[in-house]
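The structure appears right after this line, and notes come after that.
FYI, it's all coordinate maths here, none of it is from the lab. None of the values given here were measured: they were computed from a predicted structure. Cβ placement follows ideal geometry from the backbone for every residue including glycine, while neighbour counts extend to all protein chains displayed.
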């Protein structure tokens, strides 16, 4: 079974405790190396549905046939997955385990050139609903411990295809970044939720960028990169799958408005956007507060960041928030 | 004192515990934005010494005047420092502290185009000696807790100037990446040094790339990126400042040979190289083992890495080591 030879594997570094997914299949993806996008037809455009694996879900106005055109949003397995549902039966010994999971792609719309910030409010809301739908579905697998939703925009941010899309990763472990948050938040919980407090603090310290009825967008106190932005639901809750309709509409609204601000201020920068929600491993995380984080890719992280785990940011968040508020009027 | 307004500041993220250095002065550096190198004359070339701050050390064949030409290696403060010796007197309250420290540049040689891997063995050894000299000197300040030595090669790796140079950072805290290593190594110490064991394991599992009398180069078990390489002194020791002459010669030799291998295999890739040694905060770290880590910048880290703290690596380290051994014959 040659296929099994390239199944992805999780390996734990014995010195640092960090996990890496070794995924040889990903070296075959277009732009997986250094030299940019694949050529050939776009696999995410209508009419090219046969270029992706069979869809797992789609939204359409009227009746249509599976894997045919006529959809508004389409969800497919990643053709070059970092996680697979049935990996080879490698053991868990010695810091390795099969990279069992799901790796899906949510294609935002049929339009190759319609980036999130230019979607109409109803379409953007429906996209957020698709996020929640896939999030709920993948959390439902008993062995899935964490689901991550990430949007990479632009080649410098790691997007190997231009057609706007979001990736969903269902992992068999709670990843390091979430474990670090959980550890600190649990210890801080006696004093209340630190993210609720961060919203208050951002209001006081002029790091609030924008607010609507259900979300705040803020420049965090220790921003790692220029224009780093957090999107925080005003109602405390640990679990994205329980977000209500008004919250999804508020999330679509605030994301699109801040992204339009960044596009205007920085001439459409590449960026990464991701969603952090509590693990779905059956434990209780009432102290956690789900949210989204956005980092425009304006600065190359260099040896210092890799050597230290610290960041050097030339733009204070107070100034970033001021500029963004200015352009959004 | 307008100068004090842009003094760098350390801020701790209250949710994740991570520190960021806010360093507004760095936005002024050439190529500090997105669009590449500065124009104008190279401040690291002989004859342009006045373009850097006054030198703190230099090596020359014969007598010369300070900040004049005639040097072989020259060390200057970074013109756009992330850390300064006498920052403003901001307090430590609320997760912030002055970014007190040193940020130096070691200019490898007078030659603008002489990258490390093409230096002759004697010059490369003298550069390693300069590393040790600055490391020792900066560790000597009582309030310095950690000194990091990093070499960025190529613009995609964050080098804003082309003339080969190395940066030295003296920090008033033990950074996260070192703390993580220390925590795990201390717990593992009863079973012996995990890095000594990693060298043995690399030999058994064909992840050893090269060995000389004093150093091993290996592809780590859970490599985060294609061709990640660790350089490990064969003699266990926690403190780079105690490296002996033979070790410095071995370090120069193995770095140059592996870098030549990577240059041949991957057409001179950008890379980051850094040195990890025990903190110089007066505590005992006999279980630690100093070493260097190298990551070529072949893959863009994307939202998944930022969201999870995990890495996706398409190239298994066994294959990376095999290819490097092949080209180095």
Globularity index of chain B, i.e. its alpha-carbon radius of gyration over 2.2 N^0.38 Å:
1.00
Which FRET efficiency value, to the nearest 0.05, is calculated for residue B:120 and residue B:42 with the Förster distance at 25 angstrom and r the Cβ-Cβ distance?
0.70
7 Å from Cα along Cα→Cβ at both residue B:267 and residue A:50: what's the point-to-point distance in nm?
3.4
Just to be sure I understand the curve: with the Debye formula and one point per C-alpha of the protein assembly as shown, what is log10 I(q)/I(0) at q = 0.08, 0.10 Å⁻¹?
-0.61, -0.97
Rounded to one decimal in nm, the spacing of the 7 Å Cα→Cβ label points at residue A:59 and residue A:141 is 2.3
Subtract the Cα-Cα distance of residue A:206 and residue A:260 from 0.36 nm times their separation in residues, and report this length gain in nm to one decimal.
17.4 nm
Could you work out how much longer the chain between residue A:113 and residue A:283 gets when fully extended? Use 0.36 nm per residue separation minus the Cα distance between them, nm to one decimal.
57.1 nm
Dmax and Rg, reported as Rg then Dmax, of region A:111-225 (C-alpha, Å)
17.0, 48
What is the spin-label model distance, in nm, from residue A:72 to residue B:190 if the labels are put 7 Å beyond Cα along the C-beta direction?
6.0
Check the axis relating chain B to chain A and name the residue of B whose C-beta is nearest, distance in whole Å.
B:301, 4
Taking each residue in A:316-329, count the Cβ atoms of any other chain within 10 Å of its Cβ, then average. What number comes out?
1
Considering just Cα atoms, how many Å³ per residue does the convex hull of region B:177-328 enclose?
118
Please tell me the relative contact order of chain B in percent, rounded to the nearest whole number, where contacts are Cα pairs under 8 Å and at least six residues apart.
16
Estimated 222 nm signal from helices in chain B, with DSSP H stretches of n ≥ 4 weighted -39500 (n - 2.57), rounded to 500:
-8500 deg cm²/dmol
Evaluate the Debye formula for region A:216-269 with equal point scatterers sitting on the alpha carbons, no solvent, and hand back log10 of I(q)/I(0) at q = 0.12, 0.17 Å⁻¹, in q order, two decimals.
-0.33, -0.63
Of A:72, A:272, A:48, the one that fluctuates the most in a GNM where chain A has Cα springs shorter than 10 Å:
A:48
Fully extended, how many nm does the chain gain between residue A:27 and residue A:236 (0.36 nm per residue separation, minus their Cα-Cα distance)?
71.2 nm
Within the set A:244, A:213, A:303, GNM on chain A using Cα springs under 10 Å gives the largest fluctuation to A:303
How many nanometers, to one decimal and shortest first, lie between the label point of residue B:56 and those of its other copies, if labels sit 7 Å from Cα toward Cβ?
5.2
On average, how many beta carbons from a partner chain sit within 10 Å of the beta carbon of a residue in B:18-29?
6
Choose one answer from A:75, A:56, A:168: the residue with the largest mean-square fluctuation in a GNM of chain A with alpha-carbon springs under 10 Å.
A:56
As an exercise, take the mean of 1/r over every pair of distinct alpha carbons in region A:290-329, invert it, and state the Kirkwood radius in angstroms.
12.4
